[in-house]
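Heads up, the thing below is written out as structure tokens.
The values are calculated or read from the model by the stated rules, or taken from the named source; none is laboratory data. Owing to the predicted nature of the structure, the values given are computational and were not obtained by experimental measurement. Methodologically, a virtual Cβ is constructed for each residue, glycine included, from the backbone with ideal geometry; neighbour enumeration extends over all protein chains shown. These accessible areas exclude ligands, DNA and RNA; they are computed on the full protein's heavy atoms, side chains included. Shrake-Rupley method; radii C 1.70, N 1.55, O 1.52, S 1.80 Å.
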Amino acid sequence: MPTPRADAERFLPLTPAAFHVLVSLVPSEQHGYAVLKAVEERSDGRVRLGAGTLYGLIKRLLEDGLIVEVVPRSAARLDDPRRRYYRVTALGRAVVVAETERLEQAAARARSAMGLPRPEPAS
Amino acid sequence: VKGLGARIYRALLRLLPAEFRDDFGPEMTLVVEEQRRDAPSGGAGRLRFWLGAVSDLLRAAPREHAALMKRDVAHAFRQLGARPAFAASAIAVLALGLGAATAVYTLVDALVLRPLPVREPERLVWLDKPGFSYPIFTELRRRLGTVEGLFAWSVDDRHVTWRDTPVRTSVLAVTGEFHRTLGVRAAVGRGLGPEDDRPGGEGSAVAVLSDACWRRRFDADPGVLGRTLRLDQAVVTIVGVTPPGFFGVAPGLDPEITVPVALLPYLKPEDTQLLQRHAQAWLHVMGRLPRGVRREQADAALQVAWPQVLEAATPQSVPADRRARLLSRRTALMPGGSGFSRVRNQFAQPVWLLFALVTLVLIVACGTLLNLLLARNLGRAREMAIRLALGASRGRLVRQLLTEGLVLAVLGAVPAVALAWGGSHVLTALLSTSADRVVLDVTPQGRVLAFAGGLAVLCSLLFASVPALAVARTDPERVLRGARPGLTPRRWPWRRALVAAQVALSLVLVTAAAVFGRSLRSVLARDAGLDRHRVLVAHLDPAAAGQSGPQRSALYARVLEAARALPGVESASLALVPPVSHDEGSWTQNVGVNGEPPLHEAVPTYFNTVSPGHFRTLGTPLAAGRDFTPADDARAARVAIVNAACARAWFPAASPLGQRLTMGHDRSRQDLIIVGVAGDSAYQWLQETPRRVVYLPYLQLDEAPQTAVLSVRAAAPGSPGTVAPAVRAALAAVDPRVPARLETLDARVAESLVSERVLTALALTLGAIATLLAACGLYGVLSGSVTARTTEIGIRLALGAPRRRLLGAVLKEGLAVVAGGVAVGLGVAWSLAHLATRFVHGLSPRDPLATAAAVVALVAVSALACYVPARRAAAVDPLAALRHE
């Protein structure tokens, strides 16, 4: 039985778009458009996803079991019958953590290689 | 959303895979609506938004299709892996069918279709009908402005002295524009140019080697330039090497050396006037259309110039009737992109016929595969029904099945290409004979691979679509309730029709094999007026060794004497035209009978000049009169022997003996007295209908012929090969410098039937493959039918039906399918028979005996295929069958 950590390693490295989508689903469940906006904000407008790209990612994340659709939807959110909500699974969370650490390590190695100072911890 | 952009977006959603669209389409539309709401307003902003959304969709669609494809392919591999026996047989059937088709296509491509490996081959043209004199060519070059870079060429075997030994070597002679017009640049040194055209001897004594020759004979030594070679009577300097892959303009021939036409008069003493002879038809003429000029336009210009060309090239001194005939020649410009080839002319038709046969095999193979897939799909009906019941769309399942077909096709195509590669090499080897090597580049190239791939995809779509359609019609509820889909009788006629069709096509192939086989036998059994198992022939070429007429005359006398003195030799004789001459020579001339002047006749008269003893040596009977004797020499009265065909045509009532023949006009006129009548014998081909042949005594020729053929009759039958070493030694003792090539008459006869032998062998192979495949199909259908009816059979047995009747019933069921197939097959074979007429000799291509043999063979194999399942039906244990239910 693989440990959750080892399980998560299978999915690394994530594409930047997949990483941003997963991260934006960590705090709470979201619908597609909210994810789009969150990704755009989080990346300072550098990652702009179209609907086709977004749902291609969502389909693969669903298939891989990194996110799930939230059913039944809470009554308060019954806004548009077409809208669906997604949240990360435990595995998805582990993948985000693993990818974050990987990116940090990669950045740290690059810094030391180029003799740059360690960054200020984020506040 | 409203508006044009939204409508376009919704329409474009259809580009996504159906499954994806069903899952996420509505949500995507919602997201796009929301994005649209938040996007900057105004015409430009809106336009930019929609462009972004649409381009995102256009990028997403192929991505999703690829992802789905990847999954389907993985699934297909798992499916095949789960049934290795099915997978192996399907791949084997496909590889066999595709491989055979691709092998033959490779040949068709190399021989007929492939453009020459030269610059802009589509602009090349050649003049029909090949065979122009050098004066005609020079006039054409002067007067035909609409064709650029006109050049003439001719390929001939000549003796080249490599390492002190003269070897018959294929030599291409060309005029100066050859390399330039074709756009061929020498890989080493230079190509030939107009400066080599000067018939002054010195400038033209140059040669360009082919790449293959350079590698084989000179180890690709770049220092080869400036070295000299002996070519017949001339010494030539090597000035260049052509690039690899370039073989000239005649597919199937691969000349090793290219020399200027201007050199030819210096190669043999007899050829000194070659370039002046206005009536010698020996050159091919090709050129290049100027850019923007259509062939029709250039041809119109040619038609205008042609009469002037002929007029200018034909001397006024030629007698009027002969001149009129020379001036009546016609010509036309033909597309020359794939060159001109004797090999092609000889084999294009059999190769196309072969292609037709192999297509039948391919269809039979597809039928077998379809049957295999149908049978397997019956086993998968439950899986499909469950997936349908679980909500998979039919489209999705159809797509999955088509992908499986495609995977199968690719898996079959890979071994097929390997098979085709080997097969096409074998085919080229089969077409070659010792005297005529056929050299074709049959390495699989783009077009061949595309053909195999395209065919594989086509087949896969064809045979995957039938089970896919079946799935599309499946009623999952019924299947899951336990009804066995596909085993319902309604589904069976399909597979039966398929097997019947396979039987029909197999019958066509087997019939073709039987007809070809019988025709070959009949030709081989034909007497042909030659004792071919006893004769050895040696081709002598003293002219290549530089011997003059008197020298040759003395040589021939000594050769005859030496050969006749050998132990084991019964008799020996000389002739100009070898027996069964193929393309190695024929001599036609006009003859006048009973004092009439020689006039052109529709049926040509062939000539040969022979020594005394010719007829006895070859085993051709003398029907009347006498053979030539040593006394029939230059001082004696001119005599001739005619064959039976001449006697029938010219002297139907009287005896030809003592009658007079006239050859030549005016001063060259000769009157000959007929002293003998010989039986008909094969002149050029074994399968020809007897030609009119006149024999002249070789001692009465003005000059001894340049080349001659020594025929040696072995004392014991069947042993001409054993006297070969002695003959070779005797020839070397007479004059070691004279090139000699030995072969048995049997070998010549066999070579006369290359197309026929190849067609027979291949039709037999293909017929066997097709019959095997059809038998497998038959077995599969009956076996399935027996399995499906095990219960019914059990009940019948339990009710007291005799086992023999059950056996008979299943046999009858199978043979009914066979009978249907045979009936259709006979019809098809009958209507296609005319295609084979050219290759069938001595019997009709609808030969009833061959057809009957084919039917018997096919029915026998089919009966065997039916018998196995029939026995299984008869052996059913009624108790077990009923318990199973």
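Observations on the structure shown:
- Extending 7 Å from Cα along the Cβ direction at A:Asp79 and again at B:Ile673 yields two label points whose distance is 12.5 nm.
- Cα centroid separation, the range B:821-857 to the range B:570-622 (Å): 37
- Peptides B:733-742, B:137-146, B:33-42 ranked from most to least packed give B:137-146, B:733-742, B:33-42, packing being the mean of other C-beta atoms within 10 angstrom over each peptide's residues.
- Cα pair distances exceeding 19 angstrom across the range B:20-129, given as percent: 73
- Point-charge dipole on Cβ atoms (K/R +1, D/E -1) for chain A, about Cα centre, debye to 20: 120
- Between helix B:342-389 and chain B: long-axis angle, C-alpha atoms, 0 to 90°, nearest 10: 10
- For the range B:238-344, the solvent-accessible area works out to 41 Å² per residue, with a probe of 1.4 Å and every protein chain left in place.
- Among the protein heavy atoms of the range B:676-827, carbon and sulfur supply 64% of the accessible surface, probe 1.4 Å, non-protein parts ignored.
- Backbone HN-Hα couplings from phi across the range B:323-330 [Karplus 6.51/-1.76/1.60, Hz, Gly and Pro as x]: 5, 4, 5, 5, 6, 8, 5, 10
- Multiplying the residue separation of B:Leu58 and B:Ala809 by 0.36 nm and subtracting their alpha-carbon distance yields 264.3 nm.
- Using the Cβ-Cβ distance between A:Val70 and A:Arg111 with R0 set to 30 Å, the FRET efficiency from 1/(1 + (r/R0)^6) comes to roughly 0.15.
- Shape of the range B:308-394, Cα gyration tensor, a/c cut at 1.5: prolate
- Between B:Ser586 and B:Thr791, the simple label model (points 7 Å from Cα in the Cβ direction) yields a spacing of 7.3 nm.
- Surface composition of the range B:514-596: carbon plus sulfur atoms contribute 50% of the solvent-accessible area (1.4 Å probe, protein chains only, all chains present).
- Selection among B:Val781, B:Ala732, B:Ala750 by position relative to the dipole of the range B:726-836 gives B:Val781 as farthest towards the positive end (Cβ unit charges, Cα centre).
- Between the helical axis of B:446-473 and the longest alpha-carbon principal axis of chain B there is an angle of about 30 degrees.
- Simple spin-label estimate for B:Ala602 and B:Asp633 gives 4.5 nm between the two label positions (7 Å along the Cα-to-Cβ direction from each Cα).
- Over chain B, the Kirkwood radius and the radius of gyration, each from Cα atoms, give a ratio Rg/Rh of 1.09.
- Area accessible to solvent at B:Val410, 1.4 Å probe radius, in Å²: 90
- In degrees, nearest ten, helix B:754-788 long axis to first principal axis of chain B (Cα): 20
- Residue by residue, the range B:616-628 carries 3J(HN,Hα) couplings of 5, 5, 7, x, 8, x, 9, 7, 7, x, 10, 7, 5 Hz when phi is fed to the Karplus relation 6.51 cos²θ - 1.76 cosθ + 1.60 (θ = phi - 60°); x denotes Gly or Pro.
- Residues losing 30 Å² or more accessible surface upon assembly, the range B:52-92, compared with the chain by itself, 1.4 Å: B:Asp56, B:Arg63, B:Glu64, B:Arg71
- The candidates B:Met334, A:Met114, B:Met28, arranged from most to least accessible area with a 1.4 Å probe in the full protein assembly, appear as A:Met114, B:Met334, B:Met28.
- B versus A: buried accessible surface, summed, Å² (probe 1.4 Å, to nearest 100): 1800
- About the Cα centre, charge dipole magnitude for the range B:744-835 (Lys/Arg +1, Asp/Glu -1 at Cβ), debye: 580
- Extended-chain gain in nm, criterion 0.36 nm per residue less alpha-carbon gap, B:Leu879 and B:Ala67: 287.1 nm
- Two-decimal ratio, the protein assembly as shown, of alpha-carbon radius of gyration to 2.2 N^0.38 Å: 1.32
- Buried on assembly, the range A:82-103 (at least 20 Å² less accessible surface than by itself, 1.4 Å probe): A:Arg82, A:Arg83, A:Arg84
- The phi-based Karplus calculation (6.51 cos²θ - 1.76 cosθ + 1.60; θ = phi - 60°) puts the 3J(HN,Hα) values of the range B:706-714 at 5, 10, 8, 10, 8, 9, 10, 9, 6 Hz, whole numbers, x for Gly and Pro.
- Nearest-10 value in Å² for the accessible area of B:Ser862, using the 1.4 Å probe: 10
- Calculated FRET value between B:Leu469 and B:Thr722, using beta carbons and R₀ = 51 Å, to 0.05: 0.15
- Pairwise FRET efficiency - B:Trp352 versus B:Ala653, Cβ, R0 = 45 Å, nearest 0.05: 0.45
- Dipole magnitude for the range B:650-739: computed about the Cα centre from +1 point charges on Lys and Arg Cβ and -1 point charges on Asp and Glu Cβ, it is near 100 debye.
- Taking the chain by itself as reference, the range A:46-63 contains these residues with an accessible-area loss of 30 Å² or more in the full protein complex (1.4 Å probe, heavy atoms): A:Ala51, A:Gly52, A:Thr53, A:Tyr55, A:Lys59, A:Arg60.
- Accessible surface, the range B:529-593, averaged per residue in Å² (probe 1.4 Å): 34
- Only protein heavy atoms count here; under a 1.4 Å probe, A:His31 has an accessible surface of about 30 Å².
- Taking the Kirkwood radius as Rh and the Cα radius of gyration as Rg, the range B:705-859 has a ratio of Rg/Rh equal to 1.31.
- A straight chain from B:Arg230 to B:Ala389 at 0.36 nm per residue would run longer than the Cα-Cα distance by 48.8 nm.
- Solvent-accessible heavy-atom area per residue, rounded to whole Å², over the range B:134-216 at 1.4 Å: 42
- The range B:347-381-the range B:122-156 distance, computed between alpha-carbon centres (Å): 46
- Here's the picture: charge each Lys and Arg Cβ at +1 and each Asp and Glu Cβ at -1 in the protein assembly as shown, and of B:Leu462, B:Val236, B:Ala623 the one pushed furthest to the positive end of that dipole is B:Leu462.
- When the solvent-accessible area of the range B:136-252 is split by element, carbon and sulfur atoms take up 47 percent of it, the probe being 1.4 Å.
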